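Accompanying notes for the structure given below.
The values are calculated or read from the model by the stated rules, or taken from the named source; none is laboratory data. These figures come from a predicted structure and were not determined experimentally. FYI the Cβ positions are ideal-geometry reconstructions off the backbone, even for glycines, and counts take in every protein chain you see. What goes into the accessible areas is simple: the full protein's heavy atoms, side chains included, and nothing from ligands, DNA or RNA. Shrake-Rupley method; radii C 1.70, N 1.55, O 1.52, S 1.80 Å.
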Amino acid sequence: MTSAPEWATARTQDDEALEVLRLDERRGLGVRALRGFAAGETMHRFAGVVGEAICQHSLQIDALRHISGTRYIGYLSHGCEPNARLDMAGFTLVALRAIAAGEVVTIDYAETEDRLHRQFACGCGAAACRGWIHGRSEGPNAEGQAWLENHAAG
Ligand SMILES: [Zn+2]
């Protein structure tokens, strides 16, 4: 297991009250709020490299374009009841509810991604957790179908 690259974890002077950190071994890198945000507040304006490729830390802008090389948003964790969302028209991260300092910032990957770089079993703990996370335009892959059969209620 490699540790996070220095640039991904170091606080920088352009830090906008967010920081990338290693949450734990299972979840990998995530983003934490360094101060509180009000519901509806713009938390961050992002920039990056726009292209057609999907990679681990890219996010979908529209039908054809994806953004990678971002300072924070490529490291946001998924949550089925997220506390933030991405505005891909305005290139902003927006708080969906009040967020306290120290809270991990989450978005719903299926809100932006047609297809995920990698589908995964979710451990977000939300009552409405979907269990297996995939893009909005794809179904669960073979691994996901097996996972869902194993975790079907009743
Ligand atoms: Zn979940």
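Evaluation of Gly125 against the conditions (1) within 24 Å of Glu19 (Cα to Cα); (2) open to solvent by 20 Å² or more (accessible area, probe 1.4 Å); (3) at pLDDT 95 or above; (4) assigned to a loop (DSSP other than H, G, I, E, B) shows that the sole unmet condition is (3).
For Ala146, indicate whether it is surrounded by 12 or more Cβ atoms within 10 Å (Cβ to Cβ), among the small types (Gly, Ala, Ser), more than 18 Å from Leu29 (Cβ to Cβ) and within 13 Å of the ligand (Cβ to nearest atom). Lay out the reasoning, then the answer.
Working: surrounded by 12 or more Cβ atoms within 10 Å (Cβ to Cβ): yes; among the small types (Gly, Ala, Ser): yes; more than 18 Å from Leu29 (Cβ to Cβ): yes; within 13 Å of the ligand (Cβ to nearest atom): no.
For Ala146, the condition - surrounded by 12 or more Cβ atoms within 10 Å (Cβ to Cβ), among the small types (Gly, Ala, Ser), more than 18 Å from Leu29 (Cβ to Cβ) and within 13 Å of the ligand (Cβ to nearest atom) - is not met.
Applying the criterion of at least 1 residues that are within 16 Å of the ligand (Cβ to nearest atom) to the strands (runs of 3 or more DSSP E) found wholly in the range 18-85 leaves 18-24, 28-33.
Note on the range 108-140: residues that are more than 10 Å from the ligand (Cβ to nearest atom), of a type in the set (D, E, K, R) and within 12 Å of the chain's Cα centre (by Cα) total 2.
Of the set (1) within 21 Å of Leu21 (Cβ to Cβ); (2) crowded, with 17+ Cβ neighbours inside 10 Å, all apply to His134 but (1).
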